[in-house]
Amino acid sequence: MVNVLFIFGAVLIVWGIYRMKTDDGLFGKNRKSKNIFNLMLMGEASGLGQFLSGILCIIIAIIAVIMK
């Protein structure tokens with residue numbers, strides 16, 4: 001189960017980085033502000049949401065390994 005969390009977290013991180021580089025935002029002057037606005041407006045629809053979710057999955061997997 002822990003391996004699945006590591007793999008899923010890695011996939012989310014890579015997908016989030018790809019989405020942050022390719023998606024156009026609705027508002028904002030640069031890519032960073034566009035991604036932050038999309039995260040607040042659409043939640044997981046932005047690349048930043050996938051990136052942060054991937055980091056969270058990996059942290060949970062590390063905690064699960066430590067608690068075993």
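The values are calculated or read from the model by the stated rules, or taken from the named source; none is laboratory data. On a predicted model such as this, the values are computed, not experimentally measured, just so you know. Because the Cβ atoms are built from the backbone with ideal geometry, glycine has one as well, and the counts that use them run over all protein chains shown.
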Quick check: anything in the stretch 46-55 at pLDDT below 85, exposed (fewer than 13 other Cβ atoms within 10 Å of the Cβ) and in a loop (DSSP other than H, G, I, E, B)? no
Looking across the stretch 20-45 at residues that are touching a Phe, Trp or Tyr at 6+ places or on another chain (Cβ under 8 Å) and surrounded by 16 or more Cβ atoms within 10 Å (Cβ to Cβ), the single one that is modelled with the highest pLDDT is MET20
All but one of (1) at pLDDT below 70; (2) in contact with a helix residue (DSSP H, G or I) (Cβ under 7 Å, 6 or more places away or on another chain); (3) surrounded by fewer than 16 Cβ atoms within 10 Å (Cβ to Cβ) hold for ILE60; which doesn't? (1)
